[in-house]
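Everything on this sheet refers to the single structure shown next.
The values are calculated or read from the model by the stated rules, or taken from the named source; none is laboratory data. Here the structure is a predicted model, which means the values were calculated and not measured. When we count neighbours, we look across all protein chains shown, and the Cβ atoms used for this are built from the backbone with ideal geometry, even at glycine.
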Amino acid sequence: MGNGRGMIRPFQAELDFGVRLADMAWVGVSLWLSCLFQVVPWGNIETVAAIAGGVLFYLCAQATGLYVPHRGHPLRDEVTRIVTTWMGVLTLLLLAAFVTKTSAEFSRRLMISWALVTPMLLGIWRLVLRFALHEARERGYNARTAAIVGVSNIGVRLAERFETSPWMGIDFAGFFDDRSIERLGPNAPTEHVEIQGGFDALVAKARRREVDMVYIALPPRAEPRIHELVRRLADTTVSVYLAYDFGGFDLLRARWSSVGDVPVMGVVENPFHGGDGFAKRIEDIILASLILLLIAGPMAIIAAAVKLTSRGPVFFRQRRYGLNGEEIRVLKFRTMTVCEDGNSVTQAVKNDQRITKLGAILRRTSLDELPQFLNVLSGEMSIVGPRPHAVAHNEQYRSLIQGYMRRHKVKPGITGWAQVNGWRGETDTLEKMEKRVQYDLEYINGWNLGLDLKIIALTAWTMLRDKKAY
């Protein structure tokens, strides 16, 4: 044990409680600051709102997992949970104001300011807290000691993470294995690896409280040895984790659940569960509503122009696959002289004779997509997600590209990660479609609210500069 090691740890419960109280206090402070900014006098209604907001934040944070230990997790995960929690609080406060018929007593400007200032203050506060704990852990305070059982690829990766990330506050106690280096086999990553001892030595260390965490990195076929080790460690106070290598499955969004009393893990799932799904839907409703208010006038002008410049309907409703592969009707301004929606759909190409003069401008600037914000409000689409392809193209590519239909584990979007990375427009080769699908799956696996906002900003930036849409 290093000097001063763990000096924060005896007060961990008090620290956790203090963080919760601080979060609740910042909710009230942000309302007070908003009153100062908006020159609104503090009254009884603001006091009630501050107290209710703080209490609701605490309760919603429990549901979104904000207070689950985040040691080793990136800051963006914590910020996402803060935003998700605050969106839930705002929704509940608005509902309460509507039910009690007190919404007229609140200043709209004040509420908008409060809605924006609170997550900013909470994010800054959490950043400062992380920095303080980061510095403390690098100096040996609040550190925990971790041992790894089994010399395997995933075990070596864990050890490298411990050694190169001192901010995590994890001291690496070494590898433990009942097998010697010579018995590990030719494929074991034994270079620069030293085994500190067997299971007996590890259990003895755990009983002397010299180890806080044990990561078992043995392969699943070693189940009897794993059970025996876990049984022996149950007589100590160490935390035990299984670090299995699941054969290359992407487990970034894997989710544990159960069927009765049988635990199962989802490796191909919808990433928008619980708080994440709620945050995504609130994001869509708020942004789509604001955008529709801003573009209502331009949409009316475009609709009139489409009607006056060519024969046919103003809108084109095309069949697309939505969430879970269910069919939806996607709205667009009509840009062609035809409305193809059959079993065979020909993609638009450069200088396509079917495209009207106005349609060419709309497609190049993506203005033909504006009606899809109505699809977002209805819940059929999201603002950000994999772009929906025509049903005919889905049927064509699902048998050619592995994982293609995983795009439909989430709602399709008006814009997406593939589009802002240049994979927009005609996909005249299989390689182009594979690249688009690759970016779509990257988005699904790495989703967070920050990524959505980044994609929206990049879409606005590139919309007028994109030369690939025609």
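You will find that of 190, 236, the residue that is hydroxyl-bearing (Ser, Thr, Tyr), modelled with pLDDT of 80 or more and part of a loop (DSSP other than H, G, I, E, B) is 236 and no other. Return yes or no: is residue 375 at pLDDT below 85 and outside the structural domain of residue 79 (by TED's automatic domain parsing)? Spelling it out, it is not the case that residue 375 is at pLDDT below 85 and outside the structural domain of residue 79 (by TED's automatic domain parsing). Right, residue 257: at pLDDT below 65 and over 18 Å from residue 379 (Cα atoms) or not? For residue 257, the condition - at pLDDT below 65 and over 18 Å from residue 379 (Cα atoms) - is met. Restricting to the range 301-319, what's the tally of residues that are assigned to a helix (DSSP H, G or I) and either within 36 Å of the chain's Cα centre (by Cα) or among the aliphatic types (A, V, I, L, M) (or both)? Total satisfying the criteria: 7.
Within the range 391-398, can one find any residue that is part of a loop (DSSP other than H, G, I, E, B), within 17 Å of the chain's Cα centre (by Cα), basic (Lys, Arg) and within 22 Å of residue 270 (Cα to Cα)?
Of the residues in the range 391-398, the ones part of a loop (DSSP other than H, G, I, E, B) are 398.
Add one more test, that the residue is within 17 Å of the chain's Cα centre (by Cα), and what stays is none.
Looking through the range 391-398, none of the residues is part of a loop (DSSP other than H, G, I, E, B), within 17 Å of the chain's Cα centre (by Cα), basic (Lys, Arg) and within 22 Å of residue 270 (Cα to Cα).
Quick check on the range 196-223: of everything there that is part of a helix (DSSP H, G or I) and of a type in the set (Gly, Ala, Ser), which residue is surrounded by the fewest Cβ atoms within 10 Å (Cβ to Cβ)? That would be 204.
Listed here are the residues, each with its yes/no results for (1) crowded, with 21+ Cβ neighbours inside 10 Å; (2) of a type in the set (Gly, Ala, Ser); (3) not assigned by TED's automatic domain parsing to the domain that holds residue 454.
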| residue | (1), (2), (3) |
| --- | --- |
| 363 | yes, no, no |
| 366 | no, yes, no |
| 384 | yes, no, no |
| 400 | no, no, no |
| 413 | yes, yes, no |
| 422 | no, yes, no |
| 429 | no, no, no |
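Filtered by the rule that a residue be in a helix (DSSP H, G or I), out of contact with any Phe, Trp or Tyr (no Cβ under 6 Å at 6 or more places or on another chain) and of a type in the set (A, V, I, L, M), the range 399-420 gives 405, 420. Screening 59, 31, 121 for residues that are modelled with pLDDT of 90 or more, over 18 Å from residue 448 (Cα atoms) and under 22 Å from the mean Cα position of the chain (by Cα) leaves exactly one candidate, 121. Of all positions in the range 37-46, none carries a residue that is buried (at least 21 other Cβ atoms within 10 Å of the Cβ) and small (Gly, Ala, Ser).
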